[in-house]
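Structure first, then comments.
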Amino acid sequence: MKMSIAGQNEALIGHILGIDFGKSKIGLAIADEETRMAFALDTFLNNKNFFEKLDEIVKKENVKTIIIGITTHNKDIKSAEEKSDFAEMIKEKTGLPVMFQEEMFTTKIAQDNIKKHGKKNISQSDDKEAARIILQEWLDQNL
């Protein structure tokens, strides 16, 4: 268990942030290093305000590592390059380590999960659910 003590009565647990990057929306999920369970966090528009919001989350949640979903399929090289460039921007702006996790079919799985729970407006939640799946798979394989 990795913890840092912020004060006499407060222990800060480091968190890991999962990202499902898209050209129009970016889904986020979060997990702490102790329980290793990922939870869908939020979805933001991929615009000039994203990095400001990311910075707020990184500070508020004591994020120590960022995981970005990436497809390693040969036919999706352009997408992989965009995500690699995005990862470099995140490293530069946050100073945090960024790692990748295979994301093939995560959006489809996310949409199926949302349907199973009987929720409507699937497109409003599928990005953060995909981020949760990406992050949970990384946690299962690496911690």
Residues with amide H under 5 Å from that of E102, placed H, sequence gap 5 or more: I70
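How high is the FRET efficiency from D112 to L143, r the C-beta distance, R0 25 Å, rounded to 0.05? Could the numbers behind the result be given before it?
Working: r = 25 Å, r/R0 = 1.02.
Efficiency computed from Cβ-Cβ geometry: 0.45.
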Mean-square fluctuation maximum in Gaussian network of the chain, Cα pairs under 10 Å, restricted to A29, A80, A38, hits A80
Subtracting the Cα-Cα distance from 0.36 nm times the residue separation, let me have the gained length for E102 to K23 in nm, one decimal. 26.7 nm
What is the distance, in nm, between label points placed 7 Å from the Cα along the Cα-to-Cβ direction at F51 and at K75? 3.4
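At 1.4 Å probe size, with every protein chain present, just tell me what the per residue accessible area of the range 51-143 comes to in Å².
Working: 5640 Å² over 93 residues.
Result: 61 Å² per residue.
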What ranking do 83-94, 98-109 get when scored by the average of other Cβ atoms within 10 Å per residue, highest first? 98-109, 83-94
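To the nearest 20 Debye, how big is the dipole of the range 25-143 about its Cα centre, given +1 on the beta carbon of each Lys and Arg and -1 on that of each Asp and Glu? Before the final figure, lay out each step's value.
Numbers: 19 positive and 22 negative charges, 91 e Å.
It comes to approximately 440 debye.
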Remind me, relative contact order of the chain in percent, using alpha carbon pairs under 8 angstrom and six or more residues apart? 30
With an 8 Å cut-off on Cα pairs and a minimum separation of 6 or more residues, tell me the relative contact order of the range 60-117 in percent. 44
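The values are calculated or read from the model by the stated rules, or taken from the named source; none is laboratory data. This one's a predicted model, so the numbers in the text were calculated from it and none came from an experiment. Counting neighbours? That spans all protein chains shown, and the Cβs are built from the backbone with ideal geometry, glycine included. In case anyone asks, the SASA skips ligands and DNA or RNA and just uses the protein heavy atoms, side chains included. Shrake-Rupley method; radii C 1.70, N 1.55, O 1.52, S 1.80 Å.
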